[in-house]
Every structure is written in structure tokens, then in C-alpha cells.
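Let me begin by presenting the structure, written as C-alpha cells, before commenting on it.
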Amino acid sequence: MLTIGQLASYAGVTIRAVRHYHQIGLLREPERDASGYRSYDAAAVVRLIRIRTLAEAGVPLARVSELLDADPETFAAATAEIDRRLRTQIRALQEHRRRIARLGGGDSLAVPAEVLDYLDRLRAIGAAGALIEAERDAWILMAARWPEVIPALMVEKVAQLANPKVVRLYQLIGRIADDWEDEALLRETADLMSELFEQAAADGELDQQDEFTPDTAFVHLMDSFADAAHPAVARLRELVAERGWIGWTRIERRGP
């Protein structure tokens, strides 16, 4: 006859686990002997080993009792169903690992795949890391508010990267991130931004802004986010306004 400690040792579990199995009814709790101790026999060791084996195989404790007493056909069917559940969990865990790996690379779970592709394209043209992080966070807000317009917006944004002037703008903004008090650099950037706005207006692109950003309050939120992202934004907005354009998230021609 064995003590609870010996039983646990032989079965490769802890005493705490044995007591837990008693509480949930998986392992019968023997009566105390005349000395007040509980003693266990070999059958208890065998059952405990089977419980441990099933639990380590991923069988939920709620189903262990069912399988311990099942006939071979029922056991096979139950283990097949458990295997299917485990494979589903494994696929989910693999997806979690993939997403965690993206986080480790600086990407975000909170943006759609189209945005991640766009951010990769920004990296490919040499955009500064600080700029890409700011873009990513801005698109997190956009995707949360207007998820349905993100695919079309990303098609447009990717197409813009074919324009050398847009690439030049990203390069200038990257330089500003490192030296935002260079007034000549800021003015050069504002000139280029104004030139791009003029072209967008001529092409009718600015007329489509309400289709993508109809919520004025949210546009103000995005603008405030940009202002807080870097101290150069406020100065750039002033310089662009001097050149006849106002706004940041939604651009409009300044009135007389």
C-alpha cells in the first residue's frame, strides 16, 4: 500500500495534482486507515498514469473520465475528435506566431494586409523608419474608422509611389525627421507639397476626398494626431497655407 506521496512519485505527478483529481472525481479517494492515513494500491497507480498520459496528450480533464471507461470504438472516435480540435488549435497558434513575428519586425496587427504591403513599399524607396512608424499609426486609425475604404486607398497610395516627386517628398520628410529646424529644408518640402496638391486638384483627386474621409470630426482627430507626431508638422502646415493650401488629412484650397 502506498502513501499519496509515493503514488504521485510512481505516476510522475505532483501531490497537488493527485488531490485535484480527487476533487474532480477522476481518481477515487480511498478511506483513511486506523492511523488516519489514506493508502493507495497498484490499481490507483495505473489509473493515475492513464490520467496523466491522457492529460499530457491534450485531452481536456472533463473528458478524461469518459475515455478511461470507454470501449475501444468509443475511445477511437473520441480521440479522433480531440485530434481534430488539437490540429485546429495548432493552426491558431501558428497564426499567432506569425502575427507576433510581424510585431517583432515593427509591423502591427491593427492594420490590414494592404497597408502592410504599402509600408513595405515605403521601406523599398528608402523612407525613414520614423516616417514609416508614423504612417503605420495613422493607418491604424484610418483602418479602425473606415475599414471598407482601405483597399481602394491603398491602390491609390501605391500608384502615387510611381511618381518621382512623391518619392522625393518622402525623402525630404525623412530628412526633416532628423533636422526639423532647417527652414530651407522645410520650405523646399512645402513647395513640393504645394506642387503635388496643384496636380491632384487638376486631376480631380481632391474632389474625391469626401468619398474616403466624410467624417469631419475624424479628420480633425487625424490632423491632431499628425500635429502631435512631430513638431515639424505645424510649421509645414503654416508654410503650405502660405502657398494656398490648408488641411493635412483632407487638403483644400485656401480661400481668399
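The values are calculated or read from the model by the stated rules, or taken from the named source; none is laboratory data. What you see is a predicted model, and the numbers here were worked out from it, not measured in a lab. Using ideal geometry, Cβ is built from the backbone for each residue, glycine included, and neighbour counts are taken over all protein chains shown. Only protein heavy atoms, including side chains, enter the accessible area calculation; ligands, DNA and RNA are left aside. Shrake-Rupley method; radii C 1.70, N 1.55, O 1.52, S 1.80 Å.
Couple of notes before you dig in:
- Spacing of the modelled spin labels on ARG187 and VAL158, each 7 Å from Cα toward Cβ, amounts to 3.9 nm.
- Amide H contacts of TRP245: ARG254, each under 5 Å away and 5 or more positions distant or on a separate chain (H built 1.01 Å from N in the peptide plane; Pro and chain starts excluded).
- Rounded accessible area of SER35 (nearest 10 Å², 1.4 Å probe): 90 Å²
- To the nearest 10, the accessible area of LEU221 is 80 Å² with a 1.4 Å probe.
- With every protein chain in place, the chain: carbon and sulfur % of accessible area (1.4 Å): 54 percent
- Heavy-atom accessible area order for ARG19, ARG98, largest first, 1.4 Å probe: ARG19, ARG98
- Solvent-accessible surface (1.4 Å probe) assigned to ASP120 amounts to roughly 80 Å².
- Kirkwood-based Rg to Rh ratio, the stretch 2-143, C-alpha trace: 1.32
- Pairwise inverse Cα distances across the chain, averaged and inverted, put the Kirkwood hydrodynamic radius at 24.0 Å.
- Computed from label points 7 Å out along Cα-Cβ, the spacing between ALA144 and ASP207 is 3.4 nm.
- In percent, rounded to a whole number, the relative contact order of the chain is 11, using alpha-carbon pairs under 8 Å and six or more apart.
- Stretched out straight at 0.36 nm per residue, the stretch from VAL166 to GLN23 would grow longer than its current Cα-Cα span by 44.7 nm.
- Remark: the stretch 45-164 carries 58 Å² of accessible area per residue (probe radius 1.4 Å; ligands, DNA and RNA excluded).
- Added length on full extension, which subtracts the Cα-Cα distance from 0.36 nm per residue, LEU68 to ARG50: 5.7 nm
- Theoretical FRET efficiency, 1/(1+(r/R0)^6), r = Cβ-Cβ of ASP178 and ASP120, R0 25 Å, to 0.05: 0.65
- Loop-located chymotrypsin sites (Phe, Trp or Tyr not before Pro) in the stretch 10-86 (DSSP state not H, G, I, E or B) with no more than 14 neighbouring Cβ atoms inside 10 Å: TYR37.
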